[in-house]
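This report concerns only the one structure given below.
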Amino acid sequence: MKQKELSRWLRVIVIVCWIGCALLAGLVMPWIARDAAQMNPDLAYLQWPGLVVFWVAVVPVVVALAEAWEIFGQIGRDNSFCMENARRLRVVSYLAAGDTALIIVSMTVLAILNALHPGVFLMMLAVLILGTAAAVASAALSHLTAKAAALKAENDLTI
């Protein structure tokens, strides 16, 4: 597969993920929150705070997708190993770590309020694991990309 074709496919994946995030945040989660509030009137006061926390948690994901879009553009220009991509991957790592911290705080608050439903706990635990994996993978890729960019720059100077 050529660089430009790979870049196009990766960008299609980013678009699909962005559409999925928009649908989840705009349609699915408000619907789930409304139904949960109707089924559990004693926890209905958590509907809007929960939605706001979810929407705040989606922001880093969208920013990370924007960074991925730029990285994939560099791949299409056959400039995969550059310091800009290393910086972008580091930003993605920080975003994933921040999102993971937000999930931990949210789980703690829900546990203190005695409102941490087992289904919600499992969903948040899955997001916690995925966020941690994304943060670690992005940090490692950032380091490797920076080293490769330095080697490439050194090699370009050699005759």
Residue 133 out of contact with any Ser or Thr (no Cβ under 9 Å at 6 or more places or on another chain), within 30 Å of residue 44 (Cα to Cα) and not acidic (Asp, Glu): no
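Can we say residue 128 is farther than 26 Å from residue 8 by Cβ and in contact with a Gly (Cβ under 9 Å, 6 or more places away or on another chain)?
Working: farther than 26 Å from residue 8 by Cβ: yes; in contact with a Gly (Cβ under 9 Å, 6 or more places away or on another chain): no.
Here the answer is no, as residue 128 does not meet what is asked.
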Residue in region 91-110 that is closer than 30 Å to residue 148 by Cα, touching an Asp or Glu at 6+ places or on another chain (Cβ under 7 Å) and at pLDDT 95 or above present: yes
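Quick check: anything in region 111-122 under 29 Å from residue 11 (Cβ atoms), under 22 Å from the mean Cα position of the chain (by Cα), surrounded by 15 or more Cβ atoms within 10 Å (Cβ to Cβ) and β-branched (Val, Ile, Thr)?
Within region 111-122, the first condition is being under 29 Å from residue 11 (Cβ atoms), and the residues that meet it are none.
Within region 111-122, not a single residue is under 29 Å from residue 11 (Cβ atoms), under 22 Å from the mean Cα position of the chain (by Cα), surrounded by 15 or more Cβ atoms within 10 Å (Cβ to Cβ) and β-branched (Val, Ile, Thr).
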Total residues in region 95-120, condition in contact (Cβ under 8 Å) with a residue 12 or more places away in the chain and closer than 25 Å to residue 65 by Cβ: 11
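Tell me which residues, restricted to region 107-143, are within 30 Å of residue 80 (Cα to Cα) and hydrophobic (A, V, I, L, M, F, W, C). Lay out the reasoning, then the answer.
Filtering region 107-143 for residues within 30 Å of residue 80 (Cα to Cα) gives 127-143.
Residues satisfying the conditions are 127, 128, 129, 130, 133, 134, 135, 136, 137, 139, 140, 141.
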The one condition in (1) at pLDDT below 95; (2) under 16 Å from the mean Cα position of the chain (by Cα); (3) hydroxyl-bearing (Ser, Thr, Tyr) that residue 45 fails to fulfil: (2)
Filtered residues of region 75-91 (kept if under 18 Å from residue 5 (Cα atoms), of a type in the set (S, T, N, Q) and surrounded by 18 or more Cβ atoms within 10 Å (Cβ to Cβ)): 80
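The values are calculated or read from the model by the stated rules, or taken from the named source; none is laboratory data. Fair warning: this is a prediction, and the values are worked out from it, not measured in the lab. Cβ: placed from backbone, ideal geometry, glycine included. Neighbour counts: every protein chain shown.
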